[in-house]
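Take a look at the structure set out below.
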Amino acid sequence: MLLLIDQVFIQLGIAFVGALLFWRLLLNIYVLLVTQTARQKSFIDKINRCLPQTQCGQCGYEGCRPYAKAIANGDAINRCPPGGNETILKLAQLANEPLARLDPAHGNIAPLLVAVIREDECIGCTKCIVACPVDAIIGGPKLMHTVIESECTGCDLCVDPCPVDCIDMINSTDKSIPTWTLPTTSGALATQLEAGS
Ligand code: SF4
Ligand code: SF4
Ligand code: SF4
């Protein structure tokens, strides 16, 4: 009888140690997966920071972050025309990949452009607002639209949807920003100023 009880305790002990080892293994796998996911996310973040954030989709992905994710998973580093050679160099160093020329299938290196709406021709259809990936256009239904130049990445995605073709892409350095100057004190303003003085 005592022998039987001993055997039961031994079996229970073995089962307990087995269960302990099993849970320990599961915990190790979980920790490994969490660590790998965090490392992968941080790598994607680093790649994404090298990309120009134009969100133009020329790389074949919906935007810069999806392309960063694809690079982290082994996709080519030479698909971003807006980034040009500088971006390829940064990506090659980061991903430890050999340098490669920009893949012409995805476009050519070009100067930075900005969109400009010929406002008097705009019919306020809002199609450009919907197309803009970075919310750089303001306007409303049946109202004139305009581009916030500082927000425009030059992605070109608003041009095709415009039904009246009133959006131009121009070289960002060509844009002449009107300079506001203090008006001469004349007319009604002058009268008000004089009356107040
Ligand atoms: S081509 Fe470059 S800038 Fe355009 S979405 Fe892809 S990574 Fe971003
Ligand atoms: S305004 Fe046009 S060119 Fe500029 S970011 Fe928006 S969609 Fe792209
Ligand atoms: S798509 Fe063209 S017409 Fe329509 S709101 Fe934009 S600029 Fe105006």
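What follows draws every value from the coordinates through simple rules; no lab data is involved. Computed from a predicted structure; not experimentally measured. Note that each Cβ is placed from the backbone with ideal geometry, even for glycine, and that neighbours are counted across all protein chains shown.
For GLU121 and SER172 in one chain, what is 0.36 nm times their gap in residues minus the Cα-Cα distance, to one decimal in nm?
On the way: separation 51, 0.36 × 51 = 18.36 nm, distance 2.15 nm.
Length gained, GLU121 through SER172: 16.2 nm.
Extension gain, LEU25 to LEU3, is 4.6 nm, computed as 0.36 nm per intervening residue step minus the present C-alpha separation. Summarised in one figure, the compactness ratio Rg/Rh of the chain, Cα atoms and Kirkwood Rh, is 1.37. Bridging of LYS142 to lysines at a Cα separation below 23 Å is possible for LYS127, once same-chain residues fewer than 8 apart are set aside.
Tell me the trypsin sites (Lys or Arg not before Pro) within segment 58-152 that lie in a loop according to DSSP and have at most 10 other beta-carbon atoms within 10 Å. Mind dumping the intermediate values first?
Working: sites: LYS69, ARG79, LYS90, ARG101, ARG118, LYS127, LYS142; in loops: ARG79, ARG101, ARG118, LYS142.
Within segment 58-152, the qualifying trypsin sites (Lys or Arg not before Pro) (loop, at most 10 other Cβ atoms within 10 Å) are ARG101, LYS142.
Normalised by the number of residues in the chain, the mean separation of alpha-carbon contacts (under 8 Å, six or more apart) gives a relative contact order of 15 percent.
For segment 14-106, the Kirkwood radius over C-alpha pairs fed into Stokes-Einstein at 37 °C and 0.692 mPa s yields D = 219 µm² per second. No disulfide-compatible partner, judged by a Cβ distance under 4.7 Å, exists for the following cysteines of the chain: CYS50, CYS59, CYS64, CYS80, CYS122, CYS125, CYS132, CYS152, CYS162, CYS166.
Using Cβ contacts closer than 10 Å as the measure, can you line up ILE71, ILE129 from fewest to most?
Numbers: ILE71 25, ILE129 17.
In order of increasing Cβ crowding within 10 Å: ILE129, ILE71.
Entry note, segment 14-106: relative contact order of 22 percent, from Cα contacts under 8 Å with a spacing of 6+ residues.
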